[in-house]
Amino acid sequence: MKFTSKQITTIIVSVCALFIVLAVFTYLAPEANDSSRSDTQSTKNELTVNRNNDSRNIDSQNTPSSKNTSTEKSATEQFHEVKDTVVVAQAIESDPYEELDELIGLESVKKEVRTLANLVKIQKQREEQGLKNAKMSYHLVFTGSPGTGKTTVARIVARIYKDLGILKKGHTVETDRSGLVAEYMGQTAVKTNAIVDSALNGVLFIDEAYALVPEGGRGSDYGQEAISTLLKRMEDDRDKLVVIIAGYTKEMQRFIDSNPGLQSRFNRYIDFPDYTAEELFDIFKMYMKKNQYTLSDEAAKYLRERLEYAVAHKDKNFGNARYARNMFEMSVQNQANRLAELSDVTKEQLLQIEKSDLEQVVVK
(Lines give C-alpha, C1' and ligand atoms only; values in the text may rest on other atoms or scores of the structure.)
Protein backbone atom coordinates (compact mmCIF):
# COMPACT_ATOMS: atom_id res chain seq x y z
CA MET A 1 0.00 0.00 0.00
CA LYS A 2 1.36 3.30 -1.13
CA PHE A 3 0.67 6.67 0.58
CA THR A 4 0.77 9.93 -1.11
CA SER A 5 2.91 12.69 0.31
CA LYS A 6 -0.23 14.46 1.54
CA GLN A 7 -1.40 11.39 3.45
CA ILE A 8 1.99 10.91 5.04
CA THR A 9 1.99 14.52 6.22
CA THR A 10 -1.48 14.05 7.75
CA ILE A 11 -0.37 10.91 9.61
CA ILE A 12 2.71 12.64 11.00
CA VAL A 13 0.66 15.60 12.23
CA SER A 14 -1.88 13.26 13.89
CA VAL A 15 0.85 11.29 15.70
CA CYS A 16 2.48 14.50 16.92
CA ALA A 17 -0.88 15.76 18.17
CA LEU A 18 -1.43 12.49 20.01
CA PHE A 19 1.95 12.77 21.74
CA ILE A 20 1.18 16.36 22.74
CA VAL A 21 -2.19 15.33 24.24
CA LEU A 22 -0.55 12.47 26.16
CA ALA A 23 2.14 14.81 27.50
CA VAL A 24 -0.37 17.40 28.65
CA PHE A 25 -2.50 14.73 30.36
CA THR A 26 0.58 13.29 32.11
CA TYR A 27 1.52 16.77 33.39
CA LEU A 28 -1.93 17.68 34.64
CA ALA A 29 -2.90 14.35 36.19
CA PRO A 30 -0.83 14.76 39.46
CA GLU A 31 -2.33 18.22 40.02
CA ALA A 32 -5.79 16.77 39.60
CA ASN A 33 -4.99 14.00 42.07
CA ASP A 34 -3.52 16.53 44.53
CA SER A 35 -6.59 18.71 44.18
CA SER A 36 -8.79 15.71 44.79
CA ARG A 37 -6.82 14.73 47.86
CA SER A 38 -6.91 18.37 49.04
CA ASP A 39 -10.68 18.51 48.61
CA THR A 40 -11.05 15.25 50.48
CA GLN A 41 -8.82 16.46 53.36
CA SER A 42 -10.67 19.79 53.41
CA THR A 43 -13.93 17.93 53.75
CA LYS A 44 -12.48 15.87 56.61
CA ASN A 45 -11.20 19.01 58.29
CA GLU A 46 -14.57 20.70 57.97
CA LEU A 47 -16.24 17.68 59.52
CA THR A 48 -13.72 17.70 62.37
CA VAL A 49 -14.17 21.41 62.99
CA ASN A 50 -17.93 21.04 62.90
CA ARG A 51 -17.77 18.18 65.40
CA ASN A 52 -15.49 20.24 67.67
CA ASN A 53 -17.78 23.24 67.39
CA ASP A 54 -20.79 21.07 68.12
CA SER A 55 -18.99 19.68 71.18
CA ARG A 56 -18.12 23.15 72.42
CA ASN A 57 -21.66 24.34 71.80
CA ILE A 58 -23.04 21.44 73.82
CA ASP A 59 -20.61 22.15 76.66
CA SER A 60 -21.42 25.85 76.62
CA GLN A 61 -25.12 25.17 76.82
CA ASN A 62 -24.51 23.11 79.94
CA THR A 63 -22.68 25.95 81.70
CA PRO A 64 -23.92 29.36 82.84
CA SER A 65 -21.17 31.08 80.86
CA SER A 66 -22.75 30.16 77.51
CA LYS A 67 -23.86 33.78 77.19
CA ASN A 68 -20.23 34.73 76.60
CA THR A 69 -18.45 34.26 73.30
CA SER A 70 -15.99 31.97 75.07
CA THR A 71 -16.68 29.51 77.87
CA GLU A 72 -13.19 29.80 79.32
CA LYS A 73 -11.07 32.90 79.84
CA SER A 74 -7.33 32.92 80.07
CA ALA A 75 -5.58 33.48 83.38
CA THR A 76 -4.41 36.87 82.13
CA GLU A 77 -7.95 37.93 81.29
CA GLN A 78 -9.13 36.77 84.69
CA PHE A 79 -6.35 38.75 86.35
CA HIS A 80 -7.26 41.90 84.46
CA GLU A 81 -10.87 41.45 85.48
CA VAL A 82 -9.97 41.55 89.18
CA LYS A 83 -7.44 44.37 88.93
CA ASP A 84 -9.72 46.60 91.00
CA THR A 85 -9.51 44.11 93.89
CA VAL A 86 -5.78 43.48 93.59
CA VAL A 87 -2.99 45.81 94.68
CA VAL A 88 0.64 45.03 93.84
CA ALA A 89 3.11 46.76 96.19
CA GLN A 90 6.63 46.56 94.78
CA ALA A 91 9.52 46.19 97.21
CA ILE A 92 11.08 49.60 97.83
CA GLU A 93 14.78 50.16 98.45
CA SER A 94 14.76 51.12 102.13
CA ASP A 95 15.51 49.43 105.44
CA PRO A 96 12.41 47.38 106.39
CA TYR A 97 13.58 47.03 110.00
CA GLU A 98 13.86 50.79 110.35
CA GLU A 99 10.43 51.25 108.82
CA LEU A 100 9.04 48.68 111.26
CA ASP A 101 10.50 50.55 114.24
CA GLU A 102 9.06 53.84 113.00
CA LEU A 103 5.48 52.56 113.06
CA ILE A 104 3.32 54.23 115.71
CA GLY A 105 2.28 51.81 118.46
CA LEU A 106 2.12 48.09 117.62
CA GLU A 107 4.91 47.23 120.05
CA SER A 108 3.81 43.60 120.40
CA VAL A 109 3.64 43.26 116.61
CA LYS A 110 7.15 44.66 116.19
CA LYS A 111 8.44 42.19 118.76
CA GLU A 112 6.82 39.23 116.96
CA VAL A 113 8.21 40.28 113.58
CA ARG A 114 11.70 40.78 115.05
CA THR A 115 11.51 37.35 116.69
CA LEU A 116 10.51 35.75 113.39
CA ALA A 117 13.36 37.50 111.57
CA ASN A 118 15.88 36.40 114.21
CA LEU A 119 14.66 32.81 114.01
CA VAL A 120 15.08 32.74 110.23
CA LYS A 121 18.49 34.38 110.46
CA ILE A 122 19.84 31.86 112.97
CA GLN A 123 18.41 28.93 111.04
CA LYS A 124 20.26 30.16 107.96
CA GLN A 125 23.48 30.25 109.96
CA ARG A 126 22.87 26.73 111.30
CA GLU A 127 22.26 25.52 107.76
CA GLU A 128 25.55 27.05 106.63
CA GLN A 129 27.30 25.11 109.40
CA GLY A 130 25.70 21.85 108.30
CA LEU A 131 23.37 21.64 111.30
CA LYS A 132 19.82 20.36 111.22
CA ASN A 133 16.86 22.72 111.46
CA ALA A 134 13.31 22.12 112.54
CA LYS A 135 10.88 22.70 109.68
CA MET A 136 9.07 26.01 109.96
CA SER A 137 6.34 27.71 108.03
CA TYR A 138 6.83 31.27 106.81
CA HIS A 139 3.10 31.75 106.28
CA LEU A 140 1.37 34.05 108.77
CA VAL A 141 -2.04 34.86 110.20
CA PHE A 142 -2.66 38.51 111.11
CA THR A 143 -5.62 39.00 113.44
CA GLY A 144 -7.21 42.24 114.56
CA SER A 145 -9.63 45.03 113.73
CA PRO A 146 -9.57 47.13 110.55
CA GLY A 147 -7.04 49.94 110.33
CA THR A 148 -4.49 48.43 112.71
CA GLY A 149 -1.60 48.27 110.21
CA LYS A 150 -1.89 44.68 108.97
CA THR A 151 -1.35 45.55 105.30
CA THR A 152 1.58 47.85 106.12
CA VAL A 153 3.28 45.19 108.22
CA ALA A 154 2.68 42.55 105.52
CA ARG A 155 4.63 44.73 103.07
CA ILE A 156 7.44 45.12 105.59
CA VAL A 157 7.55 41.36 106.25
CA ALA A 158 7.83 40.71 102.50
CA ARG A 159 10.90 42.94 102.33
CA ILE A 160 12.39 41.36 105.45
CA TYR A 161 11.94 37.92 103.86
CA LYS A 162 13.73 39.22 100.78
CA ASP A 163 16.54 40.57 102.97
CA LEU A 164 16.87 37.15 104.61
CA GLY A 165 16.97 35.33 101.27
CA ILE A 166 13.60 33.60 101.62
CA LEU A 167 12.04 35.52 98.72
CA LYS A 168 13.72 36.83 95.58
CA LYS A 169 11.53 39.86 94.86
CA GLY A 170 9.84 40.76 98.14
CA HIS A 171 6.80 42.38 96.53
CA THR A 172 3.29 42.06 97.94
CA VAL A 173 0.12 41.17 96.07
CA GLU A 174 -2.88 42.25 98.12
CA THR A 175 -6.36 40.90 97.48
CA ASP A 176 -9.52 39.55 99.12
CA ARG A 177 -12.27 37.07 98.34
CA SER A 178 -13.41 38.96 95.22
CA GLY A 179 -9.92 38.63 93.73
CA LEU A 180 -9.92 34.84 94.13
CA VAL A 181 -13.49 33.60 93.67
CA ALA A 182 -15.24 33.66 90.29
CA GLU A 183 -18.94 33.65 89.52
CA TYR A 184 -19.19 30.27 87.81
CA MET A 185 -17.93 26.76 88.49
CA GLY A 186 -14.48 26.01 87.09
CA GLN A 187 -13.43 29.64 86.83
CA THR A 188 -12.33 30.11 90.45
CA ALA A 189 -9.26 27.87 90.07
CA VAL A 190 -8.16 29.88 87.01
CA LYS A 191 -8.68 33.15 88.85
CA THR A 192 -6.87 32.01 91.99
CA ASN A 193 -3.94 30.58 90.03
CA ALA A 194 -3.54 33.90 88.19
CA ILE A 195 -3.26 35.78 91.48
CA VAL A 196 -0.81 33.23 92.89
CA ASP A 197 1.32 33.46 89.74
CA SER A 198 1.59 37.22 90.18
CA ALA A 199 2.71 36.74 93.81
CA LEU A 200 5.47 34.19 93.18
CA ASN A 201 8.78 35.17 94.84
CA GLY A 202 6.81 37.55 97.03
CA VAL A 203 3.95 37.64 99.52
CA LEU A 204 0.28 37.02 98.76
CA PHE A 205 -1.75 39.00 101.30
CA ILE A 206 -5.42 38.01 101.58
CA ASP A 207 -7.47 40.45 103.63
CA GLU A 208 -10.68 39.25 105.30
CA ALA A 209 -9.72 35.72 104.29
CA TYR A 210 -12.51 34.27 106.44
CA ALA A 211 -14.98 35.44 103.76
CA LEU A 212 -13.80 32.46 101.66
CA VAL A 213 -15.79 30.27 104.07
CA PRO A 214 -19.07 32.09 104.82
CA GLU A 215 -20.42 31.46 108.29
CA GLY A 216 -23.04 28.73 108.12
CA GLY A 217 -21.67 27.58 104.75
CA ARG A 218 -23.40 27.56 101.38
CA GLY A 219 -23.31 24.52 99.14
CA SER A 220 -22.98 26.57 95.97
CA ASP A 221 -20.18 28.78 97.28
CA TYR A 222 -16.87 28.57 95.38
CA GLY A 223 -14.69 29.74 98.26
CA GLN A 224 -13.67 26.16 98.99
CA GLU A 225 -12.42 25.80 95.42
CA ALA A 226 -10.22 28.86 95.95
CA ILE A 227 -8.90 27.39 99.22
CA SER A 228 -8.11 24.03 97.60
CA THR A 229 -6.31 25.73 94.73
CA LEU A 230 -4.38 27.96 97.12
CA LEU A 231 -3.30 25.07 99.35
CA LYS A 232 -2.05 23.11 96.36
CA ARG A 233 -0.03 26.07 95.10
CA MET A 234 1.40 26.66 98.58
CA GLU A 235 2.72 23.11 98.46
CA ASP A 236 3.87 23.14 94.83
CA ASP A 237 5.55 26.56 95.14
CA ARG A 238 6.58 26.36 98.80
CA ASP A 239 10.08 27.70 98.04
CA LYS A 240 8.85 30.88 96.32
CA LEU A 241 5.49 31.77 97.83
CA VAL A 242 4.55 33.15 101.24
CA VAL A 243 0.90 33.68 102.11
CA ILE A 244 -0.33 36.05 104.82
CA ILE A 245 -4.03 35.96 105.68
CA ALA A 246 -5.74 38.60 107.78
CA GLY A 247 -9.03 39.44 109.45
CA TYR A 248 -10.97 39.67 112.70
CA THR A 249 -9.62 37.34 115.41
CA LYS A 250 -12.73 35.22 115.95
CA GLU A 251 -13.59 34.93 112.27
CA MET A 252 -10.02 33.98 111.34
CA GLN A 253 -9.97 31.19 113.92
CA ARG A 254 -13.21 29.83 112.46
CA PHE A 255 -11.66 30.03 109.00
CA ILE A 256 -8.51 28.15 109.99
CA ASP A 257 -10.52 25.47 111.82
CA SER A 258 -12.66 24.87 108.74
CA ASN A 259 -9.92 23.04 106.85
CA PRO A 260 -7.14 20.71 108.10
CA GLY A 261 -4.89 21.96 105.28
CA LEU A 262 -5.14 25.50 106.62
CA GLN A 263 -4.40 24.32 110.16
CA SER A 264 -1.19 22.59 109.07
CA ARG A 265 0.13 25.50 107.00
CA PHE A 266 -0.86 28.45 109.18
CA ASN A 267 0.46 28.04 112.71
CA ARG A 268 2.05 31.41 113.42
CA TYR A 269 -0.31 34.17 114.54
CA ILE A 270 0.39 37.87 115.09
CA ASP A 271 -2.34 39.86 116.85
CA PHE A 272 -2.77 43.55 116.02
CA PRO A 273 -4.22 45.50 118.95
CA ASP A 274 -6.48 48.52 118.52
CA TYR A 275 -4.80 51.90 118.76
CA THR A 276 -5.14 53.96 121.91
CA ALA A 277 -6.43 57.55 121.76
CA GLU A 278 -2.90 58.85 122.24
CA GLU A 279 -1.60 56.70 119.36
CA LEU A 280 -4.40 57.95 117.11
CA PHE A 281 -3.41 61.50 118.05
CA ASP A 282 0.16 60.70 117.01
CA ILE A 283 -1.09 59.25 113.73
CA PHE A 284 -3.05 62.44 113.05
CA LYS A 285 0.08 64.50 113.76
CA MET A 286 2.05 62.25 111.42
CA TYR A 287 -0.32 63.10 108.55
CA MET A 288 0.00 66.79 109.42
CA LYS A 289 3.79 66.64 109.37
CA LYS A 290 3.88 64.84 106.04
CA ASN A 291 1.54 67.40 104.47
CA GLN A 292 2.89 70.54 106.20
CA TYR A 293 0.02 71.39 108.51
CA THR A 294 -0.07 72.46 112.17
CA LEU A 295 -2.71 72.43 114.93
CA SER A 296 -3.76 75.38 117.01
CA ASP A 297 -3.76 74.80 120.78
CA GLU A 298 -7.56 74.76 120.89
CA ALA A 299 -7.69 72.33 117.96
CA ALA A 300 -5.18 69.99 119.64
CA LYS A 301 -7.19 69.93 122.86
CA TYR A 302 -10.43 69.29 120.98
CA LEU A 303 -8.82 66.54 118.90
CA ARG A 304 -7.59 64.67 121.99
CA GLU A 305 -11.05 64.79 123.54
CA ARG A 306 -12.67 63.69 120.31
CA LEU A 307 -10.33 60.71 119.92
CA GLU A 308 -10.71 59.65 123.56
CA TYR A 309 -14.49 59.64 123.16
CA ALA A 310 -14.27 57.68 119.88
CA VAL A 311 -12.04 55.01 121.43
CA ALA A 312 -14.21 54.71 124.53
CA HIS A 313 -17.38 54.21 122.44
CA LYS A 314 -15.95 52.23 119.51
CA ASP A 315 -17.67 49.18 118.05
CA LYS A 316 -16.39 46.24 116.02
CA ASN A 317 -16.19 48.30 112.84
CA PHE A 318 -14.13 51.15 114.31
CA GLY A 319 -11.54 52.22 111.74
CA ASN A 320 -8.57 52.88 114.08
CA ALA A 321 -5.86 54.55 111.95
CA ARG A 322 -8.38 55.05 109.14
CA TYR A 323 -10.51 57.04 111.57
CA ALA A 324 -7.57 59.38 112.26
CA ARG A 325 -6.73 59.66 108.56
CA ASN A 326 -10.33 60.46 107.62
CA MET A 327 -10.47 63.12 110.33
CA PHE A 328 -7.33 64.71 108.97
CA GLU A 329 -8.52 64.70 105.35
CA MET A 330 -11.92 66.19 106.25
CA SER A 331 -10.37 68.86 108.47
CA VAL A 332 -8.17 69.91 105.54
CA GLN A 333 -11.27 70.22 103.36
CA ASN A 334 -13.01 72.31 106.01
CA GLN A 335 -9.94 74.56 106.32
CA ALA A 336 -9.97 75.09 102.57
CA ASN A 337 -13.64 76.08 102.60
CA ARG A 338 -12.99 78.51 105.47
CA LEU A 339 -9.96 80.16 103.87
CA ALA A 340 -11.57 80.39 100.43
CA GLU A 341 -13.91 83.06 101.81
CA LEU A 342 -11.00 85.30 102.84
CA SER A 343 -9.51 87.90 100.51
CA ASP A 344 -5.99 87.83 101.87
CA VAL A 345 -4.63 84.52 103.24
CA THR A 346 -1.32 84.37 105.08
CA LYS A 347 1.14 81.46 105.12
CA GLU A 348 0.35 80.84 108.80
CA GLN A 349 -3.34 80.51 108.00
CA LEU A 350 -2.54 78.06 105.21
CA LEU A 351 -0.56 75.93 107.64
CA GLN A 352 -2.88 75.86 110.64
CA ILE A 353 -5.88 73.64 111.34
CA GLU A 354 -8.34 75.35 113.70
CA LYS A 355 -10.82 73.88 116.18
CA SER A 356 -13.71 74.85 113.91
CA ASP A 357 -12.20 72.77 111.09
CA LEU A 358 -12.33 69.68 113.35
CA GLU A 359 -15.75 70.39 114.82
CA GLN A 360 -17.35 70.06 111.39
CA VAL A 361 -15.77 66.67 110.74
CA VAL A 362 -18.19 63.76 110.62
CA VAL A 363 -16.52 60.35 110.57
CA LYS A 364 -18.58 57.17 110.56
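The values are calculated or read from the model by the stated rules, or taken from the named source; none is laboratory data. Quantities reported herein were computed from a predicted structural model and do not represent experimental measurements. In this analysis, Cβ positions are derived from the backbone assuming ideal geometry, glycine residues included, and neighbour counts consider all displayed protein chains. Accessible surface areas use protein heavy atoms only, side chains included; no ligands, DNA or RNA. Shrake-Rupley method; radii C 1.70, N 1.55, O 1.52, S 1.80 Å.
For the stretch 252-338, the direction-averaged projected area of the alpha-carbon convex hull comes to 7.9 nm². Take the Cα radius of gyration of the stretch 162-241 and divide it by 2.2 N^0.38 Å, N being the number of residues; the result is 1.13.
Dividing the alpha-carbon radius of gyration of the stretch 197-276 by the rule-of-thumb value 2.2 N^0.38 Å gives 1.13.
The peptide list 134-142, 87-95, put in order of mean Cβ contacts within 10 Å with the highest first, becomes 134-142, 87-95.
Proximity of backbone amide H atoms, modeled 1.01 Å from N, is registered between Gln352 and Thr294 at under 5 Å, excluding neighbours fewer than 5 places apart on the same chain.
If you add up the charges near Tyr275, with Lys and Arg at +1 and Asp and Glu at -1, over every other residue whose beta carbon is less than 11 angstrom from its beta carbon, what do you get? Can you show the working numbers first?
On the way: positive: Lys314, Arg322; negative: Asp274, Glu278, Glu279, Asp282.
Net charge around Tyr275: -2.
In this view, the solvent-accessible surface of Arg322, computed with a 1.4 Å probe and all protein chains in place, comes to about 110 Å².
Coupling constants for the stretch 91-108 follow from the phi torsions by the Karplus curve (6.51 cos²θ - 1.76 cosθ + 1.60, θ = phi - 60°), and in residue order they are 5, 8, 8, 8, 6, x, 5, 5, 5, 4, 5, 7, 4, 6, x, 6, 4, 5 Hz; glycine and proline get x.
Amide hydrogen proximity for Ile244: with H placed 1.01 Å from N in the peptide plane, the residues at 5 or more positions away or on another chain lying under 5 Å are Leu140, Leu204, Phe205, Ile206. Per-residue Karplus couplings for the stretch 126-140, computed as 6.51 cos²θ - 1.76 cosθ + 1.60 with θ equal to phi - 60°, are listed in order as 4, 5, 5, 8, x, 8, 6, 10, 6, 5, 9, 9, 8, 6, 9 Hz, Gly and Pro entered as x.
Over the stretch 306-364, with every protein chain in place, what whole percent of the accessible area is carbon and sulfur at 1.4 Å, could you tell me? Ligands and nucleic acids excluded, carbon and sulfur reach 47 percent.
Express in nm, to one decimal, how much length is gained between Glu308 and Lys240 on full extension, taking 0.36 nm for each residue of separation and deducting their alpha carbon distance.
Result for the pair: 20.1 nm of gain on full extension.
Counting 0.36 nm for each residue step from Asp95 to Thr346 and taking away their Cα separation leaves a gain of 86.5 nm.
The listed peptides 96-105, 222-231, ordered by packing as a protection proxy, come out as 222-231, 96-105 (highest mean of other Cβ atoms within 10 Å first). Taking amide H as placed 1.01 Å from N in the peptide plane, Phe272 has its amide H under 5 Å from the amide H of Thr143, Gly144, each at least 5 places away in sequence or on another chain. Here the Karplus curve 6.51 cos²θ - 1.76 cosθ + 1.60, taken at θ = phi - 60°, turns the phi angles of the stretch 259-271 into couplings of 8, x, x, 5, 4, 6, 9, 10, 10, 10, 10, 10, 8 Hz, with x standing for Gly and Pro.
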